[in-house]
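See below for the structure under consideration.
The values are calculated or read from the model by the stated rules, or taken from the named source; none is laboratory data. Computed from a predicted model, the values in this text were never measured in an experiment. Here the Cβ positions follow ideal geometry from the backbone for every residue, glycine too, while neighbour counts run over all protein chains shown. Accessible surface is based on the protein model in full, side chains and every heavy atom, while ligands, DNA and RNA are left aside. Shrake-Rupley method; radii C 1.70, N 1.55, O 1.52, S 1.80 Å.
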Amino acid sequence: MIAVGTILFVLLLALLILFFLRQLWIQRHLPPGPLALPLIGTLWAYGLWFREDYFRKPVKRYGNIYTMSVGPQLLVVLSGFKTVKEVMTSFPEEFSDRSEDAFMTALGKKMGIVFSNGHIWKEQRHIGITSLRKLGLGKKSIEHQIEDTAQTLVETFKKTKGKPFDPSIPVINAVSNIICALSFGHQFAPEDESFQKLIQAIEIIVKFTGSFFHMMFVVFPRLISYFPGPHKKALAAMELIVLFAKQKIEKHKESSSLHEPQDFIDHYLLQMEKSRNDPNSTYNEENLAQCIVDFFAAGTQTTLTTLMWALLLLTNHPDIQEKVQKEIEEAFSSSVSIFYQDRKKLPYTNAVIHEIQRLKYILLFGLPRQSTKDVTMKSYHIPKRTMILADLRSVLLDPEQWETPEEFNPNHFLDKDGKFMEREEFLPFGIGERICVGEQLARIEIFIFLTNLLRAFSFRLPEGVKELIETPIVKVSMKPHPYKLCAIPTTA
């Protein structure tokens, strides 16, 4: 018995040594990083739970390019502005694919804009950009809808009569209705049951993303698919949104207004009609439904989170809030609407908005890419299908680029004369070919919503509250902790 035990121990030890040597051989040309163990990869070194410094802390040991692995999936992390810019601009096509995370693939089925690659992605992105442009993105037509929604939001805030309230519900209703107007051609009443189910479904998916079960789904996709858990709820939520989109598509097909498209569905159906004889066309109802899901997933929670951080920071910093209000008051009379092009008249306000997006970047990291081929990068060999993560949070908090990276400082975006100053280090919407399709829409929404709210109210802390918590709830989406504030009307 002792001899058998000794033999088994020696065999096990030999296997571990062989595994160790094999990993060293595999990793010899990769960027530095800890040893990847079977099944769990490097999670033993970085942990299963995200922290604010999850991707920035390893930089101190391994440098601005380092390796991780989530289960069998290899991941190369790029940190800091100079590294991210140099690598992503040097390999725009090689690093243009979306990574095939098992859960994200289950969600998006490699369709639509966010989760697709290759020819499908190029066509879906093209129809997304051109449709938004035709629907008036950057023109006053869409801005009027956003302005109207902002006024509705102001009226909702007024009903609180200066008492403490949670602004998240009216804000998510407003932001979601902008996407509804673009996608379906109409908005919903806040109390509409199907509208609220849609919002709840998006929140379920966002809450699941980056959780422990999400990580387990990535590491053990086949195994965990057999077990109950929050992943089932998230996948069911996705199916609900897809079904909702398909119902809207059927109604649009019945109304047949393709001769004069009024929304994204109309534009897409028209493109389907134009491409019906093209055997290579990927314009179909499945991709259309997924594009609508992408608009909601990418265009609601992101803008909501930015606006919630904005209200929190401005409430905690009344001096900055008052300076913004004074600038708005001096530039516009109360009867004049403010449009996005008016940001040139409001340099300090514009700087404050940019600083909020910089300091409180709404994601823990940018969405990962995937290498389309083997790449040699800074003497490192990056194999095909390696996940590439450009850590945008490290860019926006880069101490080499920002004077006070961890502080709320609008002067980061102002020159010595107080004029607004663009910064190439400002990359909250991504970099390269996968830059956010809805960037312009998000910019317009945030600017119009905030200027209208700050024109109508002064935001104050509830009685007995010294400060709202500025540390985030750390997941993939970096939301503030729930809070209440008081909206005090600026005029009687």
For the chain, calculate the relative contact order in percent as a whole number, restricting contacts to Cα pairs under 8 Å that are 6 or more residues apart. 23
Before anything else, pin down the relative contact order of the range 276-429: Cα pairs under 8 Å, at least 6 apart, normalised by residue count, whole percent. 21
Rounded to the nearest 10 Å², the 1.4 Å probe accessible area of H29 is 90
Distance in nm between pseudo-label sites at K378 and E424 (7 Å out along the Cβ direction from Cα): 1.7
Using just the helices of the chain, give the 222 nm mean residue ellipticity in deg cm²/dmol: DSSP H runs with n ≥ 4 each add -39,500 (n - 2.57), and the total is spread over all residues, rounded to 500. -16000 deg cm²/dmol
Which whole-number percentage describes the relative contact order of the range 245-298, with Cα contacts under 8 Å and a sequence gap of 6 or more? 38
Over the chain, with every protein chain in place, what whole percent of the accessible area is carbon and sulfur at 1.4 Å, could you tell me? 58
Ranked by accessible surface with a 1.4 Å probe, highest first, in what order do R369, R133 come? R133, R369
What helices in the chain pass both tests, a Cα length along the helix axis of 27 Å or more and a mean Kyte hydropathy of 1.0 or higher, using whole DSSP H runs? 2-26
Tell me which lysines have Cα within less than 18 Å of K479's Cα, excluding those fewer than 8 residues away on the same chain? K207, K360
Label of the coordinate-derived value, Kirkwood radius over Cα pairs in Å, listed as (i) 24.4; (ii) 27.4; (iii) 22.2: (i)
The simple spin-label model distance between K326 and K466, using points 7 Å out along Cα→Cβ, in nm, is 2.8
With label points built 7 Å along Cα→Cβ from the Cα atoms of K251 and H317, find their separation and express it in nm. 4.2
Probe of 1.4 angstrom, ligands and nucleic acids ignored: what's the accessible area per residue over the chain, in square angstrom? 48
